[in-house]
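Written out below as structure tokens is the structure these notes cover.
The values are calculated or read from the model by the stated rules, or taken from the named source; none is laboratory data. The shown structure was predicted, so the numbers you read here are calculated from the model rather than taken from an experiment. Backbone-built Cβ (ideal geometry, glycine too); neighbour counts: all protein chains shown. Surface accessibility is based on the protein's heavy atoms, side chains included, excluding ligands, DNA and RNA. Shrake-Rupley method; radii C 1.70, N 1.55, O 1.52, S 1.80 Å.
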Amino acid sequence: GQNDIFIMCSNNSLYPYNGIIEATVDIETSDGSGGFRITDEKGKEVPFEVTRIRRNIGKRALSPINLPGEKRVDRYSLLLRPGEIGGMSRRTLLLSPSEDAVDLTPEISKSAYVMDNEYLTVHINENGTVDITDKKSGAVYKNTLLIEDAIDLGDSYRFFSPSDDGGLVTNEKAKAEVENISETAMRSVRRVSFSLKVDRKTGKGELPIELILTLDAESKYLAVTVIVTNTMRYHRLRVRIPTGISSDVNYAGQPFDIVIRNKVSAYQDDATHPNTAFAGIDGQGCGLAVLNEGLYEYEHMTGDNDGTLAFTLLRATGRVSGGFGDIDERNITE
């Protein structure tokens, strides 16, 4: 019909996608109740949820008659569950007017500390770390997403800490605030907040940390957004992912390649390595990978942290290169 809206869903990967899709649709306010239904190519109803509605907002409309013009629209933020979309393909859904009014999807009452779907169970600990259970393999990954901060007197190329522990601070004994942001049949969202208390020669204060955890229905991974307010200099902030997997090698993405690296490098001061898009470990019948965006440095830790992957969130060294490690600790706060 005249007021129908097409929603095109594209899958740009090589593999079929069967998860949740986000969409935003604008429906002219003058169209009546704002009710609608969504169907697929065969006329089958597509389940959807409404996460946000912004009513009667202005939207620029270009036409050969009225340039520029403006429409008044109701903007709906949706979660769609259309079923499988083949690799490197697309599907087109149809949104058509309906007499049934559409409103925000009601929330489900659930503990803020638990997230669950058919593949994963996620339990948020009091200190803000996360235990993840893979229901398919039975593997349990405990205390993941531990945040650590250490002194860093190096430059942009190399990490340097004047002591073995580097004035290491973590949230292991912290008391985190855990908030249930959203819980519906299609998506669970939690906010985890805490501060790292730092007291060093290089600076004193608190580093506020916020984790946004999202678990979709039918998703095989937990999505994590880390928000950091950096309040000091001369430090390196990382997130640790203990895997519990004992392996002498790790895997990391590189442009046009996947590199296999030894856990212990033959070179001195070569603990951290670059990665593009992911790094992971496998063994003992299971495996864990971290698919990251913009975090290009990782370490396969040794010793007591055997099987732990650490990803650098930020390094605040204040200089590009030169005079590596020669900063006088007595003057670094000047």
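Comparing mean-square fluctuations of S63, S182, S219 from a GNM of the chain with C-alpha springs under 10 Å, the top value falls on S63. All other residues whose Cβ lies under 12 angstrom from that of E179 are scored, Lys and Arg at +1 and Asp and Glu at -1, for a net of -1.
So which chymotrypsin sites (Phe, Trp or Tyr not before Pro) in region 74-164 pass both tests, a DSSP loop state and at most 14 other Cβ atoms within 10 Å of the Cβ? Walk me through the numbers before you get to the answer.
Values: sites: Y76, Y113, Y119, Y141, Y157, F159, F160; in loops: Y113, Y119, Y157, F159, F160.
Counting only loop positions with at most 14 other Cβ atoms within 10 Å, the chymotrypsin sites (Phe, Trp or Tyr not before Pro) in region 74-164 are Y157.
Measuring nothing but how far apart in sequence close Cα pairs (under 8 Å, 6+ apart) lie, relative to its length, region 86-164 scores a relative contact order of 13 percent. Comparing N117, N18, N125 in a Gaussian network model of the chain where C-alpha atoms under 10 Å apart are linked, the largest mean-square fluctuation is found at N18.
Cα gyration tensor of region 175-334, axes a ≥ b ≥ c as square roots of the eigenvalues: rounded (a/c below 1.5), prolate (a/b > b/c) or oblate?
Numbers: a/c = 2.12, a/b = 1.15, b/c = 1.84.
Note, shape of region 175-334 comes out oblate.
Phi-derived couplings, Karplus 6.51 cos²θ - 1.76 cosθ + 1.60 at θ = phi - 60°, listed residue by residue for region 179-187: 10, 7, 7, 7, 8, 10, 5, 9, 8 Hz, with x used for Gly and Pro. In order along region 266-272, phi translates into HN-Hα couplings of 6, 9, 6, 6, 10, 6, 9 Hz, rounded to whole numbers, per the Karplus curve 6.51 cos²θ - 1.76 cosθ + 1.60 with θ = phi - 60° and x for Gly and Pro.
For region 167-307, the dipole from Cβ point charges (+1 on Lys and Arg, -1 on Asp and Glu) about the Cα centre works out to 560 debye, to the nearest 20.
Each Lys or Arg adds one and each Asp or Glu subtracts one; over the other residues with Cβ under 15 Å from the Cβ of G283, this totals -2.
A simple rule links phi to the HN-Hα coupling: the Karplus curve 6.51 cos²θ - 1.76 cosθ + 1.60 with θ = phi - 60°, which for region 2-9 gives 4, 9, 5, 10, 8, 10, 9, 10 Hz, with x for Gly and Pro. The residues packed around L120, meaning those with a beta-carbon under 12 Å from its beta-carbon, carry a net charge of -3 if Lys and Arg are +1 and Asp and Glu are -1. Tell me which GluC sites (Glu not before Pro) from region 150-227 have a DSSP coil assignment and no more than 15 other beta carbons within 10 Å of their own. Sites meeting the loop and neighbour criteria: E172, E218. Accessible surface calculations at 1.4 Å, restricted to protein heavy atoms, place region 12-149 at 58 Å² per residue. Ligands, DNA and RNA are left out, and with a 1.4 angstrom probe the accessible area of region 211-310 is 53 Å² per residue.
Between L291, L215, L62, the GNM of the chain built on Cα springs shorter than 10 angstrom shows L62 fluctuating the most. Of the GluC sites (Glu not before Pro) found in region 48-157, those in coil by DSSP whose Cβ has at most 13 other Cβ atoms within 10 Å are E84, E99, E107, E118, E126. Its Cα centre serving as origin, the chain has a Cβ charge dipole (Lys and Arg +1, Asp and Glu -1) of approximately 560 debye. Quick one: Debye curve from the C-alpha atoms of the chain, no solvent, what's log10 I(q)/I(0) at q = 0.08, 0.12, 0.13, 0.16 Å⁻¹? Rounded to two decimals, the profile gives -0.52, -0.98, -1.08, -1.34. When a 1.4 Å probe is rolled over the protein heavy atoms, the share of accessible surface on the chain that falls to carbon and sulfur comes to 49 percent. In the chain, taking the dipole from charged Cβ atoms about the Cα centre, the farthest positive-side position among N117, L95, L288 is held by L95.
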